[in-house]
Amino acid sequence: MKKVLAVIALLLFSCTVVHAHHYEEGKLTIFYRSVSVYAPAVAMTREGLIGVVSTITVTVQNGTGCSGRVFVETYPLTQIDMQGSARLAVMVAGTLTGIDVSRYDFFFVVKTDSPIIGGPSAGAIMTIATIAALEGWKLDDETMMTGMINPDGSIGPVGGIKEKIDAAHSVGAKRFLIPKGQKFVYEVQTQTINIGGIIEIVQKPVYINVVEYAKEKYGMEVIEVENINDALLYFTGHTFEVPSTNESIITENYSATMEPLAASLLKEASENYNESAEMFNLSKYHIPNTFFHPYRNQISNALFNAKSSLEKAKEAYMSNLFYSSTSKAFQSLIYSRFVKYAVEYFTSQNREEYIAELMSSTEGFVSKKSTKAKMATVKGLISLQSVGAAQKRAFEAEDYLEKGRENYRKGDILEALYYLAFAVERSRSVEWWLNLSKAFEEKGKVNNSVLKDVADRYLNLAIQANTYSQIILQETQKSSSLLEDAQGLLEDAREEIDSYPAASLFSSLESLTKANLALELISGASKDKLDRARNRSAVAISDSRKAGIEPFMAVSYFEYAENLKKESIRDAIVYYRYAQMIAGALQFMVNPPSRKQSRFVGVPPHAPISGGRSILVDVNLLITILGATMILLVIAVFIILRERRFRRDFPPELWIPKSMREYYGKR
C-alpha cells in the first residue's frame, strides 16, 4: 500500500492529462490517471475582493476495491464545502460519458495561495477535469472557466467574474468561459460627491460587460457556455452529440389521462362559483363594509378572482392544456370556497361556534388526506412522482391549516377563512396525484435506500445553491423573491428528508431550480432565456421517455409553463426549469447509461482580438515562425556567398564564350 501511495504522490502536475499508470502488487491491481487544471476563485483582502488562481488535481483510479468513492482535500480550507461539487462533478461526468463511475474512485486536491470565498463555482471545471481523466483527453492549457455544475449538466451562475478574469490573465489564459447569461455583471462603485462643500460618499451598483472588459484590458476572449458539452469543445476539441427532439411533449396518452380530471374539476369549479355567487348576492348587505373593515369588498374581489380563474381554466381546456386547466380550476375552487365560508360566517347566528366547527372539520379532513399521502409507498419511478407530489400537497395543506389557526387567533377572520379554504382544496388534490399513477405503467424499482440516497444528494445540492445565491445577491445588493421561495422549500426538504424522502426530493428540486434562477434572472427574464429553458426541458423529458420513463409530473409543469408564458416569462422559465430538473432526476435513478461516443472536431482557435491594450502571442507559433525565418536566412546567405566565391574563382571570361560576352555587353 505504501508503494501505491508513493506512486500516486509522484504524479506529474500540469494542465494536461498524465498517461494512465498501472500498479500491481500481489492481488492488488490499480489503474489511475491524473489531470490538473487552473480554477479561478475570489479571495478577500484588506483592499477588498481579488481574483486568485486555485489548482485542482483530479485523479481517477480504477481497479481492485474501487466503488465510486469521492475524496476531497482542500488547502487552505474553503468557506464552502467542495465535497458536494466534487460528487456532482463525478455524477455528471458519468452521465455524459456513459461510464459507470461506481467502478472508479476519485481524488480531488484543491490548492490555493489564500483562503477563497464563495460557493461551488469550480464545479464546472471539476467536471471537465473528471471527464478528461476518465477519457484520457488532453486539455487546452490556454482556456479557463468558472461556473457551477447542475445535475443535468447545465452550468449555473457564479459571482466574481470580473475578478476571476483578472486571475485568469495572471496565468496566461487567452480564453475564459462563463455561464450563459452572465455577460453583464454588477459591480459596486464608490463615488465622492461634493455638494456645496459637503462631501458625500455614494456606493451604487453598475453594470459591467465582462466580454468587453476582458477584451479591452487583456485581449482575452470571453465566451458564454450553457452546459458541460459546450465547455468540453473549448477544452478538448471533443463533443458529445447534443440531444434534440421533434417529438410532441404533450402526448396523446398524457392528454387522455389528464382530460377527465380537467373536465371534472372544470365542472365542479363552475358549479361552486355559481353557488357562491348566488350566496353572496343574497347576503351581501348583511356583510359589514366600513372604511376600516371593508369585508364586503374583499369577498366581492375573491368572487371576481374565482370567475377569472374559471375563465382561464376553460380557455386552457379548449387549448388541450389539461394540467393548466386543472390548476386554474383549483384556484377558482379556493376562491369560491372562501366566499362560501365568509358568507356563512357573517350570516351565522353564532359566529364563534361556526368557526369552531369549521376549524374542527377542516382539521379532520386535512389529517385524513395527509395520513393517506404519508402512508403511500413508492415502488417505482411512476409512483415516486405520484407519492412525492401528493405528500408535498399534504404538507402544504397542513401549513395552510396552521396559518388559518394563527390568523384566527390574531382576529383576522377573513384571512383565517381563506387559509382554511386553501387547506381543504389542497388536501383534496392529494387524491388526484395518488390516482394519476394508476394511468401509467410502473417502471423501475425504487426502494427506500435508493430513494433516500438520491434525496440526500439533491438536498445537498439545494443547500449549496441557496448558500451561493444568497452570497452573490448580497454582494450585488439585490434581492429575489425566487430565493425567498427557494429557502422556504429548502426548509421543507430538510424537515421531510428522514421520514418522507419522496416529498423531500421534489422540494429540493424546486428549491434548487429557484435558487439557481434567482441569479440567472437577476438581469431580467428575456425571450431568449425562455426559448432556451423550453428547449432544454423538452429534451430532458424526451430523454426520460427514451430511458423508458414517463415523467408525467415534468410534462405537467412543462404544459403549465406553455400556458404561463403568455402571462409571465419569468414564471414560465421557472416551471420549464423545474420540469427539466424532475426529468433529469428520474433519469439519474435508472440504470447507468451505456458508453457514449464522442466526436473530435478540434479545439476552436482563439479568436483574434483587436483593440486590446495587451497583445497576446502564441509562443509556440512565434518560435516556429522565427525558426523557419532563420533557416531561410541561413540558406539565402549560403547561396549568396557560394555565388560570390564562384565568380571570384571562375571569372566570366573563363567560362562564357566571347560572342556571348559581346552580346550581353551590347545589351
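What is the spin-label model distance, in nm, from THR45 to ARG69 if the labels are put 7 Å beyond Cα along the C-beta direction?
Placing both labels 7 Å along Cα→Cβ, they lie 3.9 nm apart.
List, in order, the whole-Hz ³J(HN,Hα) value for each residue of the range 413-430 obtained from phi through the Karplus relation with A = 6.51, B = -1.76, C = 1.60 and θ = phi - 60°; use x for Gly and Pro.
Karplus values, whole Hz, x for Gly and Pro: 5, 5, 4, 4, 5, 5, 5, 5, 4, 5, 4, 5, 5, 5, 5, 5, 6, 4.
Mind checking the range 540-598 for GluC sites (Glu not before Pro) that DSSP puts in a loop (not H, G, I, E or B) and that have at most 15 other Cβ atoms within 10 Å?
Here the GluC sites (Glu not before Pro) that fit, given the DSSP loop and packing criteria, are GLU567.
Modelled label-to-label distance, PHE365 and ASN320, 7 Å Cα→beta-carbon offset: nm?
Calculated label separation equals 3.5 nm.
Could you tell me what fraction of 2.2 N^0.38 Å the Cα radius of gyration of the range 101-199 comes to, as a two-decimal ratio?
1.45
When the label point is put 7 Å from the Cα of ARG545 along its Cα-to-beta-carbon vector, which residues of the range 212-247 have a backbone N closer than 19 Å?
Only 242-247 pass the distance filter.
Quote to one decimal, in nm, the extra length available between ILE198 and LYS374 on full extension: 0.36 nm per residue of separation minus the C-alpha distance between them.
Once the chain is fully extended between ILE198 and LYS374, it gains 56.8 nm.
Need one number: convex hull volume per residue for the range 243-351, Cα atoms only, in Å³.
132
What shape does the range 461-538 have by the C-alpha gyration tensor, where a ≥ b ≥ c are the square roots of the eigenvalues, rounded means a/c under 1.5, and otherwise prolate means a/b greater than b/c and oblate the rest?
Taking the square roots of the gyration eigenvalues as a ≥ b ≥ c, the range 461-538 is oblate.
Using Cα positions and a limit of under 30 Å, work out the lysines in reach of LYS314, with same-chain residues fewer than 8 apart set aside.
Result set, ordered by chain and number: LYS267, LYS284, LYS328, LYS340, LYS369, LYS392, LYS438, LYS514, LYS527, LYS529, LYS565, LYS566.
Could you pull out the trypsin sites (Lys or Arg not before Pro) across the range 32-74 that fall in loop regions by DSSP (anything but H, G, I, E, B) with no more than 10 other Cβ atoms inside 10 Å?
ARG46
Subtracting the Cα-Cα distance from 0.36 nm times the residue separation, let me have the gained length for THR629 to LYS217 in nm, one decimal.
145.2 nm
Restricting things to alpha carbons, tell me how big the range 531-602 is in terms of Rg and Dmax, in Å.
13.9, 44
At a Förster distance of 60 Å, what's the computed FRET efficiency of THR347 paired with TYR207, Cβ-Cβ distance as r, to 0.05?
Between THR347 and TYR207 the formula returns 0.55.
Highest mean first, what order results for 445-452, 305-312 on Cβ atoms within 10 Å?
Highest to lowest by the protection proxy: 305-312, 445-452.
Can you pull out the chymotrypsin sites (Phe, Trp or Tyr not before Pro) in the range 508-600 whose DSSP state is coil and whose Cβ has at most 16 other Cβ atoms within 10 Å?
none
Only the coordinates and a few stated rules stand behind these numbers; no lab work does. Owing to the predicted nature of the structure, the values given are computational and were not obtained by experimental measurement. With ideal geometry, Cβ positions are generated from the backbone for all residues, glycine too; neighbour counts draw on all protein chains shown.
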